[in-house]
1. For segment A:121-149, name all the residues that are surrounded by 21 or more Cβ atoms within 10 Å (Cβ to Cβ), modelled with pLDDT under 85 and either over 24 Å from B:S51 (Cβ atoms) or within 14 Å of another protein chain (Cβ to nearest Cβ) (or both).
2. Residue by residue through segment B:222-257, note down the ones that are in contact with a strand residue (DSSP E or B) (Cβ under 8 Å, 6 or more places away or on another chain), within 27 Å of B:L9 (Cβ to Cβ) and loosely packed, with under 13 Cβ neighbours inside 10 Å.
3. Any idea which of (1) touching a residue at least 24 places away in the same chain (Cβ under 8 Å); (2) surrounded by fewer than 19 Cβ atoms within 10 Å (Cβ to Cβ) is the one A:S169 doesn't satisfy?
4. Cβ-Cβ distance below 6 Å, separation of 6 or more or different chains: which pairs start in segment A:243-257 with a residue that is crowded, with 24+ Cβ neighbours inside 10 Å and end on one that is among the charged types (D, E, K, R)?
5. I need the full set of residues from segment A:78-109 which are under 20 Å from A:G141 (Cβ atoms), in a loop (DSSP other than H, G, I, E, B) and within 11 Å of chain B (Cβ to nearest Cβ), in order please.
6. Looking at segment B:158-170, is at least one residue part of a helix (DSSP H, G or I) and modelled with pLDDT of 95 or more?
7. Tally the residues that are free of Cβ contacts under 8 Å to residues at least 40 places away in the same chain and more than 15 Å from A:A253 (Cα to Cα), restricting the search to segment A:289-329.
8. Quick check on A:G286: is it surrounded by fewer than 24 Cβ atoms within 10 Å (Cβ to Cβ) and not charged (D, E, K, R)?
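The values are calculated or read from the model by the stated rules, or taken from the named source; none is laboratory data. Since the model is a prediction, treat every value here as computed from it, not as a measurement. Every residue, glycine as well, gets a Cβ built from its backbone with ideal geometry; the counts of neighbours run over all protein chains shown.
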Amino acid sequence: MQQRATVLVAALCALACASLVLAGTVGSVPVSLSDLPAALLDALQGTGTTLASTLVDLRLTRALVAFVTGAALALAGVLMQALLRNPLADPYVLGISAGASVGALAALLFMCAAWMVDGAAFAGAAAISLLLYALARRDLGADGGATSLLLTGVILSSGCMALVTLMLSIAPEGRLRGMIFWMIGDLSGAPLRVLPWLALSAALLFAVRNARALNVIAMHGDGAAALGIHVGPLRKGLYCCSALLTASAVTTAGSIGFVGLIVPHACRFALGPDHRLLVPAATLAGGTFLVLADTLARTVAAPQQLPVGVVTALLGAPVFLFQLHQLRRP
Amino acid sequence: MISAIDLTLAVGGRVLLDKLNWQAEPGQSWYVIGRNGAGKSTLLRTLAGLSLPSAGHVALQGRTLDQWPLPALAQQRALLTQSRSDAFGYRVIETVLAARHPYCGTRYWEDGDDHRHCRAALQAMQVDGLAERDIRTLSGGERQRVAIAAVLAQDTPLILLDEPANALDLGHQVSVMRLLARLCREQGKTVMMIGHDVNLAQHAASHALLLMGDGRWTAGSVAEVLHAPLLSQYLGHPIEAIQHGNRQIFIPEGAFT
């Protein structure tokens, strides 16, 4: 078990690196693999003067943003599914992304600067997270039901979506396109920041340290207390981690769909539900998946760039259906 | 081993159990009998430390439950609950290994000792052949035996079981009861189980606790407590005792048609 996990995580790390290299070389102007090291060195030293180094710099920055966003969404999905004991949960189910949409769209509506849009998105996500926490504090405790937490989140989410629809309906034509693109989820022009990496590292550390307890809570729910687990604090920790991850991912790239649902599913399907392997594997796979999806979004209709949310949804829906079909087979 | 001092349980303002003063010693096996809603499961959860009593307290090894840290408590008592909902497709062996959680400390993976305990528990419940199966594909009886195996793997001096015979066929009911009796006899474990089969209780347990559901209770050895008039009173239905060889068999009075 240990050896299998080590080998698989190492393989996924290698795949993640390979996806980054691929993202750096592929595009409307290809960079050959042999030019890559020199261009990368140039770009890192900030002396990038060649075309190749500029391209690699641009592409790798974008690929790294894609990686951290995908990894955060996949990890948030795993944690949310364990928290709600529901394999159909995803990071957006509790309305945190809807809160971010309200913030971002309001900022776009009032023509704020780009950094203010990001700030408003994060503020919206944080506000909904705190509101939900306050409303559902009892459900996050030792003997709360996941159902009423889920229900509260779903209602908050639909409330936010109503505000989103309202803003879309009163927005002037000129701004509508930007607002729609924000909601689909797009990585073009998304800046590479430290905060998402910090959020990802903190949540990953929490999840790995509590991986065994996560298994017990996923199996037994409240009954996990009989095995010595402090269910209340663990639930609250899970909630805070997935809220932080979702907020940071949505702030970076808008609400990219399906990553937080299908990556945890695919990993569980292929590797089993043991969180000691699932947590690192889904994090790496989520990052890799979004890097590849974004590379596809840049290249498939080049020079036209598609929003990556379209690609993840187009890939995600059939993959998910196929998986469900496989599962139902005896 | 475990004792209740003035333990009072109430649900929604209704007193189920009033001032229970009771204790169980190592090697004893207790069978809890009462009608539906009499507070049997609530009592078991309270003794396990998962619910708080309305009044009084529970002491384990001389320390009240609130003085026990949860992980240490998990090495002292195991609890089999009645309901099982399996949201994820864990393998059977993984669910049993999870019962070793209290012993793993800061280790990331279980060690050889944990695996030995789990294999032995699966064998004892005759489900070792199912070890690699997805938990969601088991039949009700198989699932129940796997759950009991997990409780055994937790390897605690006190074992609390809420209707362990649920969904088990007759043969497995008897073998589970035999196994529990042997654990009490040979390893000095204390067992407390809930059940509705008074005939099984006579052979499986050394003591019985009867709950009325309105606060009244009666505790004592099987010989003292399990007789037709008292059972009729506590179960709310006339019960007749028939002598069969040297065994007494209880049957409900009255025809079904």
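1. None; the set is empty.
2. The one that is in contact with a strand residue (DSSP E or B) (Cβ under 8 Å, 6 or more places away or on another chain), within 27 Å of B:L9 (Cβ to Cβ) and loosely packed, with under 13 Cβ neighbours inside 10 Å: B:H237.
3. The number of the failed condition is (1).
4. From residues that are crowded, with 24+ Cβ neighbours inside 10 Å, the pairs are A:T251/A:D118; A:G254/A:D186.
5. Matches in segment A:78-109: A:R85, A:N86, A:A89.
6. Filtering segment B:158-170 down to residues part of a helix (DSSP H, G or I) leaves B:170.
Adding the requirement that they be modelled with pLDDT of 95 or more leaves none.
No, that holds for no residue.
7. First, pick out the residues of segment A:289-329 that are free of Cβ contacts under 8 Å to residues at least 40 places away in the same chain: A:296, A:300-301, A:304, A:306, A:311, A:314, A:318, A:321-322, A:324-325, A:328-329.
Pick out the ones that are also more than 15 Å from A:A253 (Cα to Cα) and you get A:296, A:300-301, A:304, A:314, A:318, A:321-322, A:324-325, A:328-329.
Matching residues across segment A:289-329 total 12.
8. Values: surrounded by fewer than 24 Cβ atoms within 10 Å (Cβ to Cβ): no; not charged (D, E, K, R): yes.
Answer is no for this residue.
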